[in-house]
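The values are calculated or read from the model by the stated rules, or taken from the named source; none is laboratory data. What you see is a predicted model; the values in this text were computed from it and never measured. Cβ coordinates were reconstructed from backbone atoms using ideal geometry, including for glycine residues, and neighbour counts include every protein chain displayed.
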Amino acid sequence: MSPMQTLFPNIDWAEIGQACIDTLLMLGGSLLFTVVLGLPLGIWLFLTARGQLHAKPKLYGVLSLVVNVLRSVPFIILMILLIPVTKAITGVSIGIRGAIVPLVIGAAPFLARLVETALREVDRGVIEASQAMGATTSQIVTRVLLPEARPGLIAGATVTAVALVGYTAMGGIVGAGGLGALAYQYGYNGYKPDYMLVTVALLVVLVQILQSLGDRLVTRYSRR
Amino acid sequence: MIRFAAASKSYRVDGALVPALEPVDLVIERGEVFGIIGHSGAGKSTMLRLINLLERPTAGRIFVEGNDVTDATGGELRRLRGGIGMIFQHFNLLSSRTVADNVAFPLRIQGNVSDGEITARVDELLELVGLTAHARKYPAQLSGGQKQRVGIARALASRPSILLCDEATSALDPQTTASVLELLGDINRRLGLTIVLITHEMDVIRRVCDRVAVLDAGRVVEMGAVADVFLHPQHPTTRRFVAEADHREGHGPEFSGVAGRLFRLSFRGEATYSPVLSNVVRDTGVEYNLLSGRVDRIKDTPYGQLTLAMNGERLDDALAQIRNAGVDIEEVAR
């Protein structure tokens, strides 16, 4: 017996490999759509808040409520509640594609709040100076707010990515597979502690990589 | 030319209208440096922002270069703002862009200037403000004075006819303040730019302004040529500002032991450099005791202001001779 087999007698390494791929696919896909939805939603929240460039307190109230509701529903419940929606969008309610829809709907409002907070950190004086130069609101958003808030936005995306890693573990419920599902299925239900150890270790490594990548980008774009 | 026609501003606070600026009527001529002085909350910031409509007047009209701009929106508003540069107390530079990109920013958002023209204009402006060597740096790598120079270069990028300065030197040390004010004066002379600046320091007014308006609790309480306002302040608020600039707050009591009558003599221009007092003493035999004094410049005009105690039989002759020499005299109550 090789040392690997001695240490981890139960593990099918091909299965672990497939689980890694599934997790990365779910993470990549859901992160992409989370940013596509969450960034504009966060900008919208920022602009419509009281005292901001396009203050619409009532619209802000509605947006804010929707965001809060989505953020307060436990992800596992959200996933089940969203099954019909998922089916309508992707045609299936299971597998990786089936998991991405609830992942995005769970994470986008979370990212939107982080985006809103990051944009609020931009010096009001800089916005005023841009207005004084005759910038339009869309120019202020694309050329002032987003570049000035870039470190905060990257930090927000990093936090969201790490949260998504946690959410993907629940992808197993809809048969999406991934490392989390493996840990639950074999490690916990199947009493195979080596599975638990390996899958959790791989998740830790993934989170570490995401966080240090994010931190590095934040440092690179910080000019203050 | 900028004209305020009964322009006023009120803010709604908890449902009630609170006036920030009472109706103002005044004209700022093309090419002049116009100062607005007031304590914080006096309404000077509001007044400045009415010019480029960062604040809209609650009532009254604003005219810029002869046009009523009060209701300008969209493209018209952007064109108006393109013709008015603005600099700020805290510089308000884009921290994510280099010095050169900050200066290029107003040209880029206008969208009708070619890259070649932008590069040439940026080089020219950085040379004007003496920052050519720092073009590739980020604002965080610069000192306060350098940041304000970037602010000035940026404000001038679109060749405005008006420059608004919002407490532009209040965050700078005295030496840097002097060099930034010198630059502003230089720009005013060389480019014929109209400059409107707000400040709470009379010294800033004295160094660069042609005319000044004194704001107190949202009202213009005094206005005129800087030399007149500075040498003969009328309103108590103005007097306090002038006293602060002269560092002569609370002088009254220390003259109590001095014999004779107290006078304040104000010289301007040529009179500053002629030996008026020694002539008067020789001709009339009065005695004088110099209690305090200052000789300085108001923008480009030399001036002096002396406080004297005077004694002698021919005092009236002496006073007449001083007046004839072009010196203003006020008797100071003791």
Which one of B:ALA320, B:ALA309, B:ALA271, B:ALA325 is surrounded by fewer than 15 Cβ atoms within 10 Å (Cβ to Cβ), among the aliphatic types (A, V, I, L, M) and not assigned by TED's automatic domain parsing to the domain that holds B:THR199?
-> B:ALA320
May I ask you to list the residues in segment A:78-122 that are in a helix (DSSP H, G or I), of a type outside the set (A, V, I, L, M, F, W, C) and over 18 Å from the mean Cα position of the chain (by Cα)?
-> A:PRO84, A:LYS87, A:THR90, A:GLY95, A:ARG120
Which numbered condition A:ARG71 fails, given (1) basic (Lys, Arg); (2) exposed (fewer than 14 other Cβ atoms within 10 Å of the Cβ); (3) closer than 14 Å to A:ALA107 by Cβ = (2)
Matching residues in segment B:146-166 (buried (at least 21 other Cβ atoms within 10 Å of the Cβ) and assigned to a loop (DSSP other than H, G, I, E, B)) number 2
Which listed residue, of A:THR117, A:THR136, A:THR86, is within 13 Å of chain B (Cβ to nearest Cβ) and either surrounded by 23 or more Cβ atoms within 10 Å (Cβ to Cβ) or of a type in the set (Val, Ile, Thr) (or both) | A:THR136
All conditions in (1) under 28 Å from A:THR23 (Cβ atoms); (2) surrounded by 22 or more Cβ atoms within 10 Å (Cβ to Cβ); (3) touching a Pro at 6+ places or on another chain (Cβ under 7 Å) are true of A:LEU153 except (3)
Being touching a residue at least 60 places away in the same chain (Cβ under 8 Å), of a type in the set (S, T, N, Q) and buried (at least 17 other Cβ atoms within 10 Å of the Cβ), is that true of even one residue in segment B:199-216?
-> yes
Test for B:ALA171: is it of a type outside the set (Ser, Thr, Tyr) and assigned to a loop (DSSP other than H, G, I, E, B) = yes
Picked from segment A:158-168 (must be surrounded by fewer than 23 Cβ atoms within 10 Å (Cβ to Cβ) and small (Gly, Ala, Ser)), the residue farthest from A:ASN189 (Cα to Cα) is A:ALA163
Residues of segment B:105-120 being among the charged types (D, E, K, R) and within 14 Å of chain A (Cβ to nearest Cβ), which ones?
-> B:ARG108
Can you name every residue in segment B:78-104 that is in a helix (DSSP H, G or I), more than 7 Å from chain A (Cβ to nearest Cβ) and either touching a helix residue (DSSP H, G or I) at 6+ places or on another chain (Cβ under 9 Å) or of a type in the set (Phe, Trp, Tyr) (or both)?
-> B:VAL99, B:ALA100, B:ASP101, B:ASN102, B:VAL103, B:ALA104
Residue within segment A:109-128 that is within 25 Å of A:ALA14 (Cα to Cα) and not polar (S, T, N, Q) present = no
